[in-house]
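Report on one structure; see the data block that follows.
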2 protein chains.
Amino acid sequence: MDGDGRGPSEVTLEEVARRAGVSPSTVSRILNGTARVRESKRKAVERAIAELDYHPNVMARGLAGGRSMSIGVVTQDISSPFYNETLKGIEDSISVAGYAPLFVSGHWNRAKEAERMALLVARRVDGIIVLTGILDDATLLTYAQRMPIVITGRSLRAPNLYSIQLGNEQAAYEATRHLIELGHSRIAHIGGPEDNVDAQERLAGFRRALAEANLPMEDRLLAVGDFHEASGLLALNQLLDTRLNFTALFVANDQMAYGARLALYRKGIRVPEDVSLIGFDDLPGSLYSTPPLTTVRQPVYDLGKAAGGAMLQLIQGRPVSEVVIPSLPLELIARESTQRRRGQSY
Amino acid sequence: MDGDGRGPSEVTLEEVARRAGVSPSTVSRILNGTARVRESKRKAVERAIAELDYHPNVMARGLAGGRSMSIGVVTQDISSPFYNETLKGIEDSISVAGYAPLFVSGHWNRAKEAERMALLVARRVDGIIVLTGILDDATLLTYAQRMPIVITGRSLRAPNLYSIQLGNEQAAYEATRHLIELGHSRIAHIGGPEDNVDAQERLAGFRRALAEANLPMEDRLLAVGDFHEASGLLALNQLLDTRLNFTALFVANDQMAYGARLALYRKGIRVPEDVSLIGFDDLPGSLYSTPPLTTVRQPVYDLGKAAGGAMLQLIQGRPVSEVVIPSLPLELIARESTQRRRGQSY
DNA sequence: CTGTTAGCGCATTCAA
DNA sequence: TTGAATGCGCTAACAG
């Protein structure tokens with residue numbers, strides 16, 4: 001009743017050995033470059049591999065060698081446009097070394113995130129990359145005792161762990177400066193969740209720029225969202241309700257900026273003529289929003305590459321200090337949603 | 001020099017057995033529900049598992065049982081916003097059965113796609129879900145001889161294969177009808193790659209609606225893109241160059257519609273006052289574009305769920321005919337980028 | 001119902 | 001250099 005012929009059973013290393021007239025261990029050595037082998041045998045084995053179309057069984061290899069050749073990647077939301085390029089960067093960097101990524105998402109839920117981490121451990125991944133997780137530092141440190149960990153958006157230090165920081169605060173500062181230099185003095189901000197590190201840093205950068213320019217920081221011009229579009233729309237309406245006439249708006253991420261932009265459109269407020277709008281992330285869609293959104297570019301692909309590269313180093317047992325990550329600069333991308341303030345200068 | 005203490009070595013099934021005072025096989029049986037076990041022993045084992053915080057080694061299990069408990073998912077572009085929800089749907093549906101997805105992307109390249117499929121085979125995935133792949137039918141059929149295959153956007157029939165179709169043609173027809181009913185008679189179309197099945201079907205639906213309404217089909221009003229934003233922008237400029245004054249535009253996917261919308265904005269052509277714009281997919285961002293984009297909603301999440309569910313059935317050896325997939329209707333979402341045609345009625 | 005015995009396919013000793 | 005032997009952790013017959 002069940003499965004009929006599951007097709008030709010897989011070719012095994014042993015068959016390759018037999019065909020090449022050598023022992024299984026020799027084949028294994030050639031496969032892994034574990035030892036020098038006579039050229040003639042290597043050739044014979046390589047031919048046998050090609051003829052049989054042999055592919056090593058990753059699970060058997062993992063069982064025997066204690067490594068699964070896969071590395072776990074924890075995101076909050078696998079379907080967030082923000083993480084996509086990063087995932088691609090990770091995939092690109094680790095796949096050249098024969099590793100495959102195992103993506104799981106925590107859905108912004110601490111318990112779920114812990115559960116997904118456990119799943120990765122059960123699968124014996126050789127390391128875990130955590131993209132701005134919400135697990136506490138202590139838990140992460142515990143994990144780092146068992147396997148290499150690479151984490152973004154946090155600055156932890158431990159033997160088996162590497163953290164990659166992005167200059168959120170500085171970039172937010174520059175974004176705000178951009179607005180100030182355009183002559184805006186009443187600037188509103190839509191921030192991310194208050195317990196989110198990225199959001200906190202961006203808010204801090206915003207505050208610093210304002211303070212430095214001696215501009216008042218009005219709490220009522222501060223709204224909070226959850227990094228999704230809908231919350232940006234809501235937040236903007238809230239801001240409008242204050243009837244404090246701001247002429248510029250700095251939003252903590254592009255998705256919320258889209259929501260805010262729609263709210264503005266609905267009210268007939270023009271961008272950038274009436275209010276200048278600046279986001280954060282530079283999602284692929286931001287170049288194509290109307291008008292194209294001024295924003296801060298996060299080097300998301302490079303971030304993924306860097307994380308994958310660091311993981312590979314860690315797996316090889318290199319100490320953290322040797323792990324060299326090229327600096328990942330955030331960059332202000334001035335497009336058409338911001339412009340010089342018009343009208344009376346205050 | 002290399003790895004220092006990799007932490008406490010993993011607890012094994014054998015340790016659990018010892019602790020619970022039973023044999024390993026009994027533990028295995030309890031874990032897999034393979035046979036009835038005396039209640040007292042079950043309890044003892046469950047306690048031991050909890051106390052030891054035991055997690056089965058997936059690789060060992062896979063090696064022994066011949067199943068890896070993971071299923072491969074092939075997409076063209078893991079970073080495409082279109083696939084995201086689908087991936088989530090797949091993850092949700094298969095994870096409840098203990099399976100984990102292995103995502104790989106073919107990057108719209110036949111050779112690469114074949115290579116990724118090979119990687120999945122090497123990892124001994126228990127089945128492969130192909131989201132609108134570009135591999136030819138014959139190759140897929142060959143794969144289906146070795147393992148269950150679920151594929152979208154194609155209608156193949158084979159014992160170990162299930163294909164899920166979405167009504168692209170019909171939906172495109174309805175989208176075009178929508179435009180016609182609004183009084184538009186000169187409608188342009190930006191299609192996807194000519195060798196892409198989805199693109200072909202959408203074009204066919206477009207043509208059918210036009211023919212049915214006795215509207216002329218002008219080839220110069222047909223442009224082609226690659227499903228990405230930039231190509232939409234280019235295509236629209238091409239269309240404009242014809243100086244054929246169309247009043248409505250049907251684009252084969254939302255991403256290209258974004259590009260077209262920007263091109264329109266650049267030329268000062270208003271949406272929807274001057275031209276009505278309709279896309280296809282209903283990406284998350286389409287609700288927040290300005291104006292919100294009229295489009296065809298693809299049930300992407302449900303598609304993923306259905307694909308995952310079908311895969312589970314196939315793995316259990318159920319014949320295809322028993323695989324019941326709820327129908328997945330495409331749906332026209334009328335928003336604000338389309339409106340009744342103004343001016344002289346032609 | 002439950003314990004014992006064999007492998008699953010490969011990496012890795014240990015000898016030769 | 002290379003082959004033979006052993007075991008990774010677990011499932012699946014096979015006997016009780």
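Just need log10 I(q)/I(0) for the range A:8-56 at q = 0.30, 0.31 Å⁻¹, Debye formula, equal scatterers on the alpha-carbon atoms, no solvent, rounded to two decimals.
Calculated log10 I(q)/I(0) at the listed q: -1.21, -1.28.
Through the Karplus equation 6.51 cos²θ - 1.76 cosθ + 1.60, θ set to phi - 60°, convert the phi angles of the range B:64-77 into ³J(HN,Hα) values in whole Hz; use x for Gly and Pro.
Calculated HN-Hα couplings, in order: 5, x, x, 10, 9, 6, 9, 10, x, 10, 9, 10, 7, 7 Hz.
How big is the dipole moment of the protein assembly as shown about its Cα centre under a simple scheme where the beta carbon of each Lys and Arg is +1, that of each Asp and Glu is -1, and everything else is neutral? Debye, nearest 20, please. Please report the intermediate quantities before stating the final value.
Details: 78 positive and 80 negative charges, 203 e Å.
In debye, rounded to 20, the protein assembly as shown gives about 980.
Report, to the nearest 10°, how far helix A:300-315 tilts away from the longest principal axis of the Cα atoms in chain A, using its own Cα long axis and a range of 0 to 90°.
That works out to roughly 40 degrees.
May I ask what percent, to the nearest 5, of DSSP beta bridges between residues of the protein assembly as shown are antiparallel?
10 percent
Between copies, how far apart are the B:Asn214 label points? List them in nm, one decimal, shortest first, with each point 7 Å from Cα toward Cβ, please?
Its label point is 7.6 nm from the equivalent points in the other copies.
For helix A:110-122, what angle does its Cα long axis make with the longest principal axis of chain A, in degrees from 0 to 90 and rounded to 10?
The two axes meet at around 20 degrees.
Averaged across the residues of A:53-66, what count of C-beta atoms belonging to other chains lies within 10 Å of each residue's C-beta?
If you average over the peptide's residues, the count of other-chain Cβ atoms is 5.
Could you calculate, for the range A:168-298, the ratio of the Cα radius of gyration to the Kirkwood radius, expressed as Rg to Rh?
Here the Rg-to-Rh quotient is 0.92.
Please compute the average number of Cβ atoms from other chains found within 10 Å of each residue's Cβ in peptide A:87-93.
Across the residues of A:87-93, the mean count of other-chain Cβ atoms within 10 Å is 2.
Check which residues have an amide H placed less than 5 Å from A:Thr294's amide H, if you skip close sequence neighbours.
Long-range HN contacts for A:Thr294: A:Gly279, A:Arg335, A:Glu336, A:Ser337, A:Thr338.
Mind listing the label-point distances from A:Asp137 to the same position on all other copies, shortest first, one decimal in nm, points 7 Å along Cα→Cβ?
Copy-to-copy label distances at A:Asp137, shortest first: 6.1 nm.
Taking the mean number of other Cβ atoms within 10 Å as a proxy for protection, how do you rank B:266-276, A:118-128 from highest to lowest?
Values: B:266-276: 16.0, A:118-128: 21.2.
So the peptides B:266-276, A:118-128, ranked by packing, come out A:118-128, B:266-276.
Suppose we keep just the DSSP beta bridges with both residues in the range A:45-191; what percent of those would be antiparallel, to 5?
Antiparallel: roughly 5 percent of the beta bridges in the range A:45-191.
Positive end of the dipole of the range B:11-72, charges at C-beta (+1 Lys, Arg; -1 Asp, Glu), about the Cα centre: which of B:Ile71, B:Val16, B:Val45 has its Cα farthest in that direction?
B:Val45
If one computes P(r) from the Cα atoms of the range A:103-253, what percent of pairs lie at distances over 24 Å?
The share of Cα pairs beyond 24 Å in the range A:103-253 comes to 44 percent.
Under 5 Å between amide hydrogens, which residues at least 5 positions from A:Ser163 or on another chain qualify, with H placed 1.01 Å from N in the peptide plane?
Sorted by chain and number, the residues that satisfy this are A:Ile151, A:Leu156.
Once you have the Kirkwood Rh of the range B:197-254 from its Cα pairs, apply Stokes-Einstein at 37 °C and 0.692 mPa s and quote D in µm²/s.
Result for D is 268 µm²/s.
If I take every Cα pair under 8 Å that is 6 or more residues apart in the range A:168-298, average their sequence separation and divide by the length, what percent do I get for the relative contact order? If you can, show how the numbers build up before the last one.
Details: 243 pairs, mean separation 32.3, N = 131.
Once divided by the residue count of the range A:168-298, the mean separation gives 25 percent.
Take the eigenvalues of the Cα gyration tensor for the range B:140-207, scale each by 5, and report the square roots as semi-axes in whole Å, largest first.
34, 11, 6
For A:Ala118, place a label point 7 Å from Cα along the Cα-to-Cβ direction in every copy; what are the distances to the other copies, in nm, shortest first?
Copy-to-copy label distances for A:Ala118: 3.9 nm.
Please list the non-local residues whose amide H lies under 5 Å from the amide H of B:Ala223, H modeled 1.01 Å from N, same-chain partners needing a gap of 5 or more.
Excluding prolines and chain starts, which carry no amide H, the hits are B:His189, B:Ile190, B:Gly191.
Would you work out the relative contact order for the range B:211-255, in percent, from Cα pairs under 8 angstrom that are 6 or more residues apart? Show your work: numbers first, answer last.
On the way: 22 pairs, mean separation 17.2, N = 45.
Relative contact order of the range B:211-255: 38 percent.
Quick one: order A:Arg261, A:Arg177 by neighbouring beta-carbon count within 10 Å, fewest to most.
Ascending Cβ contact count within 10 Å gives the list A:Arg177, A:Arg261.
Of the beta bridges DSSP finds with both residues in chain A, what % are antiparallel, to the nearest 5?
Beta bridges within chain A, antiparallel portion: roughly 10 percent.
In square nanometres and to one decimal, what's the mean projected area of the convex hull around the Cα atoms of the range B:79-180?
Result: 7.8 nm².
Along the charge dipole of the range A:168-298, which of A:Ala199, A:Val251, A:Gly268 sits closest to the positive end, that is, farthest toward it, with unit charges on the beta carbon of Lys, Arg, Asp and Glu (+1, +1, -1, -1)?
Value: A:Gly268.
Using a 10 Å cut-off on Cβ to Cβ distances, tally the other chain neighbours for every residue of B:286-293 and report the average as a whole number. List each step's numbers first, then the result.
Working: counts 1, 6, 16, 8, 10, 4, 3, 0.
Rounded to a whole number, the mean comes out at 6.
Whole angstrom only: what separates the Cα centroid of the range A:248-318 from the Cα centroid of the range B:46-112?
Cα centroid to Cα centroid, the span is 30 Å.
With θ set to phi - 60° and the Karplus curve 6.51 cos²θ - 1.76 cosθ + 1.60, what are the ³J(HN,Hα) couplings of the range B:200-213 in order, to the nearest whole Hz, using x for Gly and Pro?
Working through the residues one at a time gives 4, 5, 5, 5, 4, x, 4, 4, 4, 4, 5, 4, 4, 8 Hz.
Quick one: if you take sqrt(5λ) for each eigenvalue of the C-alpha gyration tensor of chain A, what semi-axes come out, biggest first, whole angstrom?
51, 20, 18
What is chain B's relative contact order, in percent, from Cα pairs under 8 angstrom and six or more apart in sequence?
With pairs under 8 Å counted, the relative contact order is 15 percent.
To the nearest whole percent, what portion of all C-alpha pairs in the range A:1-113 is separated by more than 21 angstrom? Write down the numbers at each step before the final one.
Values: 3603 of 6328 pairs.
Roughly 57 percent, once rounded to a whole number.
Order B:301-308, B:160-167, B:246-253 from most to least packed using the mean count of other Cβ atoms within 10 Å.
So the order, starting with the most tightly packed, is B:246-253, B:301-308, B:160-167.
Taking the Cα atoms of the protein assembly as shown alone, what are Rg (to one decimal) and Dmax (as a whole number) in Å?
Rg, Dmax (Cα atoms, Å): 28.0, 89.
Computed from the coordinates by the stated procedures, all read-outs in this text should not be read as laboratory data. Everything numeric here is computed off the predicted structure, so don't read it as measured data. With ideal geometry, Cβ positions are generated from the backbone for all residues, glycine too; neighbour counts draw on all protein chains shown.
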